[in-house]
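Please read the structure below before turning to the comments.
The values are calculated or read from the model by the stated rules, or taken from the named source; none is laboratory data. Predicted model, so just to flag it, every value in this text is computed and none were measured. Every residue, glycine among them, receives a Cβ derived from its backbone with ideal geometry; neighbour counts consider all protein chains shown.
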Amino acid sequence: MKKIINGKLYNTQTAKLLGEDSYSHPGDLACWSEELYQKRTGEFFLYGQGGPMSRYAQTTGQNEWSGGEQIQPMTIENARQWAEQHLSADEYEAIFGEITEDDSKKNVTFSITKDAIELLARMASETGKTRSELVEEMIRNHR
């Protein structure tokens, strides 16, 4: 599905599928499926579809409903909440990183150019430091 929302393009064909969940039972009009995606820009969105008694239902007339589909942009916090509820712990950590009991570190998402990502990866390889360590070092040393 491809949709423009608030001037931004959301496309399930070009975004990365991160996880999915569904409910279905033969003949159940409340069936649904949802897929969490991440765009190349780092933005998250949810693609959902469902039957005429699901939250994706669409009206087709007076007291008449059919199944439907929808794309919903999500903040990183909304994406994390959805993933906590619908994915396994391993799937969650594959997307958002390992969860530690130490809250001195926080995961953040931001966009940088492809060239900068390649440079950061090369620096990590040369120094033996993680990309996170390098970024934190750059921030702390910036004056």
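Residues of the stretch 94-124 that are of a type in the set (Gly, Ala, Ser) and either surrounded by fewer than 10 Cβ atoms within 10 Å (Cβ to Cβ) or within 18 Å of residue 84 (Cα to Cα) (or both): 94, 97, 104.
This table checks each residue for (1) basic (Lys, Arg); (2) within 15 Å of the chain's Cα centre (by Cα); (3) closer than 18 Å to residue 111 by Cα.
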residue	(1), (2), (3)
42	no, yes, yes
48	no, yes, no
51	no, no, no
68	no, no, no
75	no, yes, yes
86	no, yes, no
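The helices (runs of 4 or more DSSP H) found wholly in the stretch 40-143 and carrying at least 2 residues that are more than 24 Å from residue 14 (Cα to Cα) and not assigned by TED's automatic domain parsing to the domain that holds residue 26 occupy 114-127, 131-141. Scanning the stretch 17-53 for residues that are loosely packed, with under 11 Cβ neighbours inside 10 Å and basic (Lys, Arg) turns up just one, 40. Restricting attention to the stretch 1-39 and to residues that are hydroxyl-bearing (Ser, Thr, Tyr) and assigned to a strand (DSSP E or B), the residue that is farthest from residue 92 (Cα to Cα) turns out to be 10. The residue of the stretch 78-96 that is farthest from residue 38 (Cα to Cα), among those that are of a type in the set (Gly, Ala, Ser) and touching a strand residue (DSSP E or B) at 6+ places or on another chain (Cβ under 7 Å), is 83. When 80, 55 are screened for being farther than 22 Å from residue 108 by Cβ, of a type outside the set (S, T, N, Q) and without any contact (Cβ under 8 Å) to a residue 40 or more places away in the chain, only 55 passes.
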